[in-house]
Structure formats: C-alpha cells, structure tokens
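Since the structure comes first, as structure tokens, the remarks are kept for the end.
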Amino acid sequence: MTYFAERLIWCLLGAAALTLSGCSGKTQDADTKIATAATADTGGSAKGDFGPPQGPEVKAILTSPPNVPPATGRHAPAKVIVELDVIEKEMPISEGVTYTFWTFGGTVPGSFIRVRQGDTVVFHLRNMPDSKMPHNIDLHGVTGPGGGAASSFTAPGHVSRFTFKALNAGLFVYHCATAPVGMHIANGMYGLILVEPPEGLPPVDREFYVMQGDFYTTGKYREKGHQPFDMEKAIDERPTYVLFNGMEGALTGDKALTAKTNETVRLYVGNGGPNLVSSFHVIGEIFDKVWYEGGTKFQENVQTTLIPSGGAMMAEFHIEVPGSYILVDHSIFRAFNKGALAILKAEGPERKDLYSGKEVDAVYLGDQAAGTNRTPITTAAAAYKAGTLTKEDQIAAGKVLFAGTCSTCHQPDGAGMEGVFPPLAKSDLLAKDPKRIASIITHGLTGPVTVNGKDYNSVMPPMAQLTDDEVANIGTYVLNSWGNPGGQISRDDAKAARAAAPANAGGEGH
Ligand SMILES: [Cu+2]
C-alpha cells in the first residue's frame with residue numbers, strides 16, 4: 001500500500017479532527033501542504049495512528065548486535081509482540097577484564113527491536129529469576145509518561161506487560177530507568193528500537209547495529225581481573241572505557257563488520273551514555289546521508305555527526321574503495337585510549353583512480369635539518385666508511401636520531417609514560433635480550449608486554465623508514481643509556497633483524 005493509500009484509510013477511519021480537506025483527493029501538492037499543516041497543528045504524532053491493528057499478531061524478531069532485524073515489510077498496522085529478557089551476567093569488557101553487565105537480551109547494547117509506525121506493540125519484560133535487581137524499560141519511541149518505565153517495573157523472577165502504539169517513526173533509544181538510573185545505564189542497560197515509516201526504509205545492502213557507551217570501573221583502563229562499577233568516577237564523568245557494543249574489540253579483528261565495495265551500508269548508531277556525547281566518525285568515509293538524531297530528515301555529505309547521550313542516528317554510505325574503515329568517537333583519546341574503536345572491512349578490487357595508496361616516500365627534513373645538529377650522524381657515517389666507527393660515534397649519532405624518532409613516545413629521558421609507552425630506561429625486557437632492540441625498531445611491537453613489573457598492551461609502529469645504520473646507532477645509544485646493560489648493535493645486526501620474523505610480544509622476552 002502506498003503512503004497516499006495509507007492516508008486515505010486513515011482519513012476514512014475518521015481522523016477528522018486534523019483536517020478533512022486533506023482527504024478529498026486533491027493534487028499531491030495540496031495534499032502535502034495540508035499534511036504539513038496537520039503536523040504543525042498536532043505536534044506531528046497523531047498522524048502515526050493508522051487505526052486498530054489488522055491481520056494476525058506478529059512476533060517481533062529481535063537481534064543481537066551488530067545484527068539488525070529484517071524490514072517488517074508490512075503495509076498495515078499490526079499487533080506486534082515483543083518479549084525481552086533482562087539478564088545480569090558477567091562478560092569481558094576488555095581482554096582479561098570482566099565486568100558484571102545488566103542487559104536487555106543478554107548483550108550490550110540490548111536486542112534490536114524493529115516495528116512499523118502505527119503498530120500496536122505489546123511489550124513483555126521478563127526479569128530472570130537469578131537477577132539481583134528489579135529493572136524496567138523506558139523506550140524513547142513510546143508516547144506516554146515514562147516511556148513505559150512505571151508500567152514495566154519488574155522484580156527478579158517476574159514478567160510485566162504493557163502496550164503502546166508507535167505513533168512516531170524514527171530510531172529510538174530504550175534504556176532501564178530503575179533507580180539509580182545512571183548505574184543501570186552504566187551497566188549496559190540500553191538498546192535501539194526502530195520505528196519504520198509507513199513506506200519502510202529504502203533497501204540497502206547491509207545494515208549494522210552499533211551503540212556507544214561509557215563505562216566506569218574501579219581499576220584503571222585494561223587493569224586485569226574482575227572490575228566493579230565505580231560510582232564516583234561515574235558521577236565525575238571520568239569513564240575508564242568508552243566502547244562500541246559493550247566490549248573493547250567487540251567489532252575489531254575477526255569480529256569486524258564486513259562489506260564489499262559497491263555496496264551501500266546503513267549504520268544504526270545509538271549512544272547509551274550514561275554521560276558522554278559521541279562525535280561519531282568513520283575514518284576514510286563520508287556519510288552520503290545522515291538521519292541526524294534518528295529523525296525523519298537527512299543531511300548529506302557529513303564527516304562527523306553528533307549523537308547525544310540517549311540519542312541515535314542512521315547513516316548511509318556507499319563503499320567505493322576496499323580496505324579497513326575505522327569507526328571512532330572523534331573525541332579521539334576515547335578511540336585510542338579508552339576503546340571507542342570498531343572496524344568495517346570492505347573487500348573488492350582496488351580503485352586506484354579514486355585512491356592511489358602511497359605514491360611517494362622521499363626524505364623531507366624541513367625545519368628539522370636546520371634546527372638539529374646532525375654532525376654526529378654524518379661523522380658516524382664517515383667513520384663507518386673509513387672502517388673506524390667506534391661505539392662512542394654510534395652513541396652520539398644514536399642520541400640525535402632518538403630525539404627525532406623515539407622520544408615523542410618513550411620521552412627524551414627514556415622514562416616512557418605509565419600505562420601507555422613502556423620505559424626504555426633500566427628496561428628489564430631489554431636487559432633480558434639486548435639485541436632484540438633491532439628487531440623491535442624495524443618491526444615494531446604489538447600485544448601484551450611487561451616492563452619493570454607494569455603491563456602494556458599497545459602498538460609501537462614499525463620504524464622501517466630507518467636505515468640499517470640508523471637502527472644500529474639508535475639501538476647502541478639506548479643500550480648504553482639510562483642504566484641499561486650496554487652493548488653494541490652493528491649494521492649487520494640491524495640488517496639481519498629487518499630480514500628476520502618480527503619480534504613477537506607474546507614470545508620469549510615477555
Ligand atoms: Cu535496570
């Protein structure tokens with residue numbers, strides 16, 4: 001049934017209070033104008049009342065993230081049964097870290113619900129018998145006080161039922177609203193309900209369900225073991241984690257979202273909060289369309305879109321170029337230091353006409369050449385040629401190179417930065433296998449490492465741009481500085497390390 005047929009039915013059903021003149025079969029133009037006027041007069045929601053449900057009852061298909069239920073495909077209002085379980089359970093929040101989540105449907109975010117505007121939704125909320133808390137649900141797509149909260153208050157081992165008519169189309173957040181509300185949300189009690197417009201949404205190739213949330217644990221970011229909720233951090237809005245889909249790495253590695261080039265992807269993205277606003281961005285893509293705030297209108301050609309806490313949006317983009325696209329909260333420390341990072345992998349043939357990949361990698365010294373005294377480097381190079389290179393030459397050259405390459409992260413005094421960049425000063429990891437430094441420089445290092453009793457699990461990019469000479473000099477400098485054991489790295493050591501397999505962080509030396 002078309003939208004206009006729909007309107008006709010609605011007119012016949014006697015929504016006369018709005019304006020009957022909209023029903024008397026005039027030109028489309030006039031009709032549109034009147035629809036607009038009606039919207040203004042009524043606040044817009046009564047137009048979603050298409051009368052009583054028709055046809056057989058429908059049981060809503062609920063999906064776990066990142067999956068989205070299929071389109072309802074319905075053209076008339078129906079009675080839709082939703083059965084949602086509240087489950088309190090321990091799950092990983094990061095590698096080696098667990099948290100007691102409170103969930104709708106056993107996942108964070110909770111099950112995705114998809115209905116059509118005008119549907120009558122009969123909502124059953126079941127709280128598992130082994131729950132410790134009562135819970136309820138406030139759906140932002142409900143017209144009625146509390147969005148269902150008071151009617152759905154459910155003790156452990158009980159089930160509640162309430163019914164609402166989905167008057168407004170849009171993408172809506174739902175969440176638990178039991179006191180203390182902030183705590184229930186912080187523990188993962190939120191999800192999305194899509195109310196399709198009567199004509200449905202335009203078909204796309206892939207749909208994904210992603211939801212951001214901020215989490216507060218007593219331990220630090222990535223501190224191992226079971227981590228309880230930290231009320232004080234939550235009140236101060238100092239999250240330990242900011243995550244997509246409830247767990248660091250929920251959508252990376254082999255759990256990354258996948259698509260193919262030439263496909264159109266639609267993301268349904270919500271923000272459960274409880275505190276932060278998301279600056280949602282996909283690195284390397286431009287949203288062709290964004291239904292901002294989950295509403296009816298779309299904006300086009302958007303780079304970053306704001307998703308309020310307790311809000312949502314839909315974004316569509318066509319994929320032209322294959323590769324990995326990174327979903328982030330562009331408040332960027334959240335992405336790289338609190339976990340707000342997901343990956344969409346697109347497969348397909350290269351499109352060099354659209355994106356070349358790296359074309360030039362030439363030396364560009366810029367100001368660095370003028371500002372830095374590079375004499376020790378040239379001295380060392382000349383000494384090497386003459387066959388008179390000493391350890392002292394290497395240390396002097398390595399010192400200059402270290403300042404230009406490594407000190408940004410490891411700090412000029414090699415002290416590192418706690419929890420982020422491990423120290424090179426008195427590093428027990430280096431002492432165990434001093435020659436390994438050549439491999440670490442040329443191949444980089446990823447995965448968990450322990451240095452001087454502290455755990456790190458981050459990424460050092462490979463410094464493959466350095467020549468064998470430079471690697472040898474930096475390595476020798478580090479080994480002979482800050483209480484490290486001494487020793488020497490030769491050009492041949494560097495060459496051999498570059499050719500060998502990368503140093504594995506999980507391997508020996510860990
Ligand atoms: Cu709750």
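General remarks:
- Taking the range 279-304 as the range and being hydroxyl-bearing (Ser, Thr, Tyr) and over 19 Å from ALA169 (Cβ atoms) as the test, the residues that pass are SER279, THR304.
- For the range 136-158, a residue qualifies if it is more than 10 Å from the ligand (Cβ to nearest atom), among the hydrophobic types (A, V, I, L, M, F, W, C) and in contact (Cβ under 8 Å) with a residue 40 or more places away in the chain, and exactly one does: LEU139.
- The one condition in (1) touching a residue at least 40 places away in the same chain (Cβ under 8 Å); (2) in contact with a Phe, Trp or Tyr (Cβ under 8 Å, 6 or more places away or on another chain); (3) closer than 26 Å to VAL242 by Cα that PHE172 fails to fulfil: (2)
- The single residue among LYS426, LYS435, LYS454 that is of a type in the set (Lys, Arg) and more than 20 Å from LYS391 (Cα to Cα) turns out to be LYS454.
- When GLY339 is tested against (1) free of Cβ contacts under 8 Å to residues at least 24 places away in the same chain; (2) surrounded by 14 or more Cβ atoms within 10 Å (Cβ to Cβ), exactly one condition is not met: (1).
- Condition met for ASP49 (touching a residue at least 12 places away in the same chain (Cβ under 8 Å), of a type in the set (D, E, K, R) and touching a helix residue (DSSP H, G or I) at 6+ places or on another chain (Cβ under 9 Å)): yes
- For the range 415-467, taking the residues that are open to solvent by 30 Å² or more (accessible area, probe 1.4 Å), at negative phi and among the small types (Gly, Ala, Ser), the one that is modelled with the lowest pLDDT is identified as ALA464.
- PRO412 being under 26 Å from ILE377 (Cβ atoms), over 32 Å from the mean Cα position of the chain (by Cα) and open to solvent by 60 Å² or more (accessible area, probe 1.4 Å): yes
- Any hit, the range 230-242, residues being without any contact (Cβ under 8 Å) to a residue 60 or more places away in the chain, farther than 28 Å from PRO180 by Cα, open to solvent by 60 Å² or more (accessible area, probe 1.4 Å) and within 21 Å of the chain's Cα centre (by Cα): no
- Some residue of the range 313-329 being without any contact (Cβ under 8 Å) to a residue 40 or more places away in the chain and either under 18 Å from PRO109 (Cα atoms) or not small (Gly, Ala, Ser) (or both): no
- Single residue of GLY182, GLY191 found to be crowded, with 22+ Cβ neighbours inside 10 Å, outside any loop (DSSP other than H, G, I, E, B) and within 16 Å of the ligand (Cβ to nearest atom): GLY191
Matching residues to (1) buried (at least 16 other Cβ atoms within 10 Å of the Cβ); (2) more than 18 Å from THR98 (Cβ to Cβ); (3) touching a helix residue (DSSP H, G or I) at 6+ places or on another chain (Cβ under 8 Å):
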{"residue": "TYR216", "(1), (2), (3)": "yes, no, yes"}
{"residue": "LYS220", "(1), (2), (3)": "no, no, no"}
{"residue": "PRO228", "(1), (2), (3)": "no, no, no"}
{"residue": "GLY253", "(1), (2), (3)": "no, yes, no"}
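- Residues that are open to solvent by 10 Å² or more (accessible area, probe 1.4 Å), assigned to a loop (DSSP other than H, G, I, E, B) and away from the ligand (no atom under 15 Å from the Cβ), drawn from the range 112-128: GLN117
- Among the numbered conditions (1) surrounded by 18 or more Cβ atoms within 10 Å (Cβ to Cβ); (2) within 29 Å of ALA382 (Cβ to Cβ); (3) modelled with pLDDT of 90 or more; (4) among the aliphatic types (A, V, I, L, M), the only one that ALA496 does not meet is (1).
- In the range 129-148, of all residues being under 26 Å from THR100 (Cβ atoms) and within 28 Å of the chain's Cα centre (by Cα), the one that is most open to solvent (accessible area, probe 1.4 Å) corresponds to HIS140.
- Under the condition of being in contact with a Phe, Trp or Tyr (Cβ under 9 Å, 6 or more places away or on another chain) and open to solvent by 10 Å² or more (accessible area, probe 1.4 Å), the residues counted in the range 202-214 number 2.
- Residues of the range 272-304 that are of a type in the set (S, T, N, Q) and open to solvent by less than 20 Å² (accessible area, probe 1.4 Å): SER278 alone.
- Summed over the range 159-178, the residues that are closer than 19 Å to MET313 by Cβ, within 16 Å of the ligand (Cβ to nearest atom) and either part of a loop (DSSP other than H, G, I, E, B) or of a type in the set (Val, Ile, Thr) (or both) give a count of 1.
- In the set (1) surrounded by fewer than 23 Cβ atoms within 10 Å (Cβ to Cβ); (2) within 13 Å of the ligand (Cβ to nearest atom); (3) part of a loop (DSSP other than H, G, I, E, B); (4) modelled with pLDDT of 95 or more, the condition left unmet by GLY106 is number (2).
Quick grid of which residues meet (1) hydrophobic (A, V, I, L, M, F, W, C); (2) under 22 Å from ALA497 (Cα atoms):
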site	(1), (2)
GLY419	no, no
ALA431	yes, yes
PRO461	no, yes
ALA472	yes, yes
VAL478	yes, yes
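- For the range 262-314, the strands (runs of 3 or more DSSP E) that sit wholly inside it and include 3 or more residues that are hydrophobic (A, V, I, L, M, F, W, C) are 264-273, 278-283, 287-291.
The values are calculated or read from the model by the stated rules, or taken from the named source; none is laboratory data. Keep in mind that this is a model prediction, so the values were computed, not measured. Cβ sites come from the backbone with ideal geometry, for glycine too, and all protein chains shown count toward neighbours. SASA here: full protein model, heavy atoms, side chains in, ligands and nucleic acids out. Shrake-Rupley method; radii C 1.70, N 1.55, O 1.52, S 1.80 Å.
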